[in-house]
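What follows is one structure encoded as structure tokens, with my remarks underneath.
The values are calculated or read from the model by the stated rules, or taken from the named source; none is laboratory data. Every value quoted in this text rests on a predicted model; they were computed, and no experiment measured them. Virtual Cβ from ideal backbone geometry, glycine too; neighbours counted across all protein chains shown.
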């Protein structure tokens, strides 16, 4: 039921009581006949035909029309939503006595009858506005029986509806050419504005168009339309409705209408809302200006990319989680680019974009702080061997550096301690749906993209970093409630935001954007396995922007990864958004910047000077500095120092063989997998002295260090000639324990046992060779193949 029919029901008996008094004066037979006809032939209201639907932006401007069951485009309005100048022009030209007649005008009918008798045909119908509405609801031919039927319908409408409701029926049903009905749709499509904003000239034009909508269409026949408009203006002047000066100014406006095009903005979101929401006009939270500008830019930007490549962007305003722009595909409707597929709601692998939540939750759980020591070194988890996106290992890294550089191995190390199931539960509780492979469960691979999720939801929970740790589903309609869900504490959210915002990487353009925007920008990229999905998510204090680039059919795009493909889009979108209302996030009072020591991870004032090998600045919550995470498989409180007795010669002794000069010492131990990256003075072999000759080896003595044999750090290999094959390296390892696992530039290359050898053929360039033993010891070397290492 439409808005005006609802109003009709509410006022029906009030109006009927007035009409009954008039009908009681009619002969009983006529009265009974009219009542019977009204019961048998009720007025055919528009709800019988179905109504067109409109999805509009936050200001009421249409984003997309959906035609009714007859293919008609209409934008329902009330009288109060239309310019008063249009109402003046319409009634003056069509029916000056509209508010005074009972649906028919006897004087007009007498004139029309006289014309018919003289000419033998209908010359003018003498129709009132009510009669025109009757013809729109129940069409008829231009014959006397048809005219009689129209008159009866007009009386019936006056019996059932108020004048305002009849006028609103006309405003919504009047024909304006083609399949356009109603003044609001005509104003939007011809003039690109609301009917509430019509000028006098535009009001006069739209008032006359329904007289001959095809012949007077302003986009096709502007000359005819202008003559008809001026006729209306002349009548308004003759009856003194508008002044001579107002008429003269209105005539100066040339009739011009843009080419008739139906808007197709936010088409994927509009379709989703029409299928799930009721109402003729669905007003969204979309900002039409942002939406249209983003669609144009995205289409132009992606036109230079390979065929079948698409992109999606979601923009959310953090304060109330209102979605200000939603582009599901860069080329809507283009089958060559899968333009009908909504990639903003498609389930895809998120690559590394889940990492910030792991780090933030681990900060909240007291596992790490922003400068905690993590290990970017070879690791084996059963059959799973995580690799970094950029080949090779970096050794000791801080949590901030590991997150900013999106290193995979430290993230897996952290997830091992935090727990995959725990992370999945936290994300799903915050509103992020996770889709695991059939029969799969949360596992270590999920932090590297081994799970499916959606861009719109991912953008929604990223906003939690700027909202004090509160995530919420993106809101598409103003009436949608803001349902907030706890993801992490305000302190952890601020620290995570700061870790990402402090990233000095990216292009020069990105750094310029940060300076020009004068607001903090936390950002993260991601690339799924096989270059199938490229992501970039950016968070400012005001907005959160999510970007996806790839092929909707899942075909790999080698060389397309987040920093190259998605980040430029993120740059442009953030730069184009209206100015940030807030420049910086307020730091929680309980967060302080402190100096901590590696390798233990504790604050300097809580660390013995000989145990503080390196200092770092860290953000701490309530001054708590979690200790460095232990190696895989060891408890969180595992010893990170080695304590022993030493004699006057600096040799280790045990209680059974020490003399009066023996004294106790302790050294801070780095994770053993980082030994090959450390200065020699900080290695275990240098820190822990050899055992005194008179004592047996203590049980705590370290094993023989793991060492690569067959190549040395810094070696350079040159082929014998231009046609010579690349060098073949024969490698083995001594020391260490158990099976050896070999890596070339971070990629697993084989396993050996004991002193067994391995053949490697590295190509031209710089390479890192690493070996890992069964107890976690690592050795690595860097070599160059070729003259200049290029």
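Listing for the model above:
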| quantity | calculated |
| --- | --- |
| Checking residue 346 against (1) within 24 Å of residue 577 (Cα to Cα); (2) at pLDDT 95 or above; (3) touching a helix residue (DSSP H, G or I) at 6+ places or on another chain (Cβ under 9 Å), the condition it does not meet | (1) |
| Scope the stretch 739-781; condition within 19 Å of residue 717 (Cα to Cα) and part of a loop (DSSP other than H, G, I, E, B); matching residues | 745, 761, 762, 763, 764 |
| Unmet requirement for residue 276, which otherwise passes all of (1) over 18 Å from residue 478 (Cβ atoms); (2) exposed (fewer than 15 other Cβ atoms within 10 Å of the Cβ) | (1) |
| Among the residues listed as 424, 411, the single one being farther than 26 Å from residue 560 by Cα, surrounded by 17 or more Cβ atoms within 10 Å (Cβ to Cβ) and not assigned by TED's automatic domain parsing to the domain that holds residue 471 | 424 |
| Residues of the stretch 769-788 classified as surrounded by 18 or more Cβ atoms within 10 Å (Cβ to Cβ) and touching a strand residue (DSSP E or B) at 6+ places or on another chain (Cβ under 8 Å), total | 12 |
| Conditions (1) touching a residue at least 40 places away in the same chain (Cβ under 8 Å); (2) in a strand (DSSP E or B); (3) within 42 Å of the chain's Cα centre (by Cα); number of the one not met by residue 784 | (3) |
| Residue in the stretch 209-231 that is in the same structural domain as residue 65 (by TED's automatic domain parsing), at pLDDT 90 or above, in contact with a strand residue (DSSP E or B) (Cβ under 6 Å, 6 or more places away or on another chain) and assigned to a helix (DSSP H, G or I) present | yes |
| Options 563, 534; residue that is more than 24 Å from residue 475 (Cα to Cα) and in a strand (DSSP E or B) | 534 |
| Qualifying residue in the stretch 471-478 (condition: under 23 Å from residue 414 (Cα atoms) and either under 18 Å from the mean Cα position of the chain (by Cα) or outside the structural domain of residue 540 (by TED's automatic domain parsing) (or both)) | yes |
| Any pair with Cβ under 7 angstrom, 6 or more apart, that starts in the stretch 92-103 at a residue that is touching a residue at least 40 places away in the same chain (Cβ under 8 Å) and ends at one that is surrounded by 19 or more Cβ atoms within 10 Å (Cβ to Cβ) and assigned to a loop (DSSP other than H, G, I, E, B) | 98/128; 103/128 |
| Lone qualifier among 304, 223, 328, 293 - being surrounded by fewer than 17 Cβ atoms within 10 Å (Cβ to Cβ), under 43 Å from the mean Cα position of the chain (by Cα) and more than 20 Å from residue 578 (Cβ to Cβ) | 304 |
| Boolean, residue 345 is surrounded by fewer than 21 Cβ atoms within 10 Å (Cβ to Cβ), under 21 Å from the mean Cα position of the chain (by Cα) and within 25 Å of residue 563 (Cβ to Cβ) | yes |
| Hits in the stretch 459-478 (condition: crowded, with 22+ Cβ neighbours inside 10 Å and in contact with a strand residue (DSSP E or B) (Cβ under 6 Å, 6 or more places away or on another chain)) | 459, 461, 462, 463, 464, 465, 466, 471, 472, 474, 476 |
| Any hit, the stretch 580-597, residues being crowded, with 24+ Cβ neighbours inside 10 Å and either over 30 Å from residue 670 (Cα atoms) or at pLDDT 90 or above (or both) | yes |
| Residue list for the stretch 604-631, restricted to those being over 20 Å from residue 682 (Cα atoms) and under 42 Å from the mean Cα position of the chain (by Cα) | 617, 618, 619, 620, 621, 622, 623, 624, 625, 626 |
| Helices (runs of 4 or more DSSP H) lying entirely in the stretch 393-470 (those with 1 or more residues that are at pLDDT 95 or above, within 26 Å of the chain's Cα centre (by Cα) and under 20 Å from residue 346 (Cβ atoms)) | 420-429, 455-462 |
| Pick from the stretch 519-528, criterion in a loop (DSSP other than H, G, I, E, B) and touching a helix residue (DSSP H, G or I) at 6+ places or on another chain (Cβ under 8 Å), ranking: modelled with the lowest pLDDT | 520 |
| Unmet requirement for residue 430, which otherwise passes all of (1) crowded, with 24+ Cβ neighbours inside 10 Å; (2) under 30 Å from residue 57 (Cβ atoms); (3) not assigned by TED's automatic domain parsing to the domain that holds residue 532 | (1) |
| Residues satisfying the stated conditions in the stretch 168-190, i.e. at pLDDT below 90 and either surrounded by fewer than 23 Cβ atoms within 10 Å (Cβ to Cβ) or at positive phi (or both) | 177, 178, 179 |
| Residue list for the stretch 725-738, restricted to those being part of a strand (DSSP E or B) and within 26 Å of residue 684 (Cα to Cα) | 731, 732, 733, 734 |
| Restricting the stretch 632-646 to residues that are modelled with pLDDT under 80, under 19 Å from residue 674 (Cβ atoms) and surrounded by fewer than 16 Cβ atoms within 10 Å (Cβ to Cβ), the residue that is farthest from the chain's Cα centre (by Cα) | 639 |
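Conditions tested, residue by residue: (1) in contact with a helix residue (DSSP H, G or I) (Cβ under 6 Å, 6 or more places away or on another chain); (2) farther than 24 Å from residue 488 by Cα; (3) surrounded by 19 or more Cβ atoms within 10 Å (Cβ to Cβ).
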residue	(1), (2), (3)
532	no, yes, yes
539	yes, no, yes
544	yes, no, yes
554	no, yes, no
557	no, yes, yes
575	yes, yes, no
605	no, yes, no
616	no, yes, yes
623	no, no, no
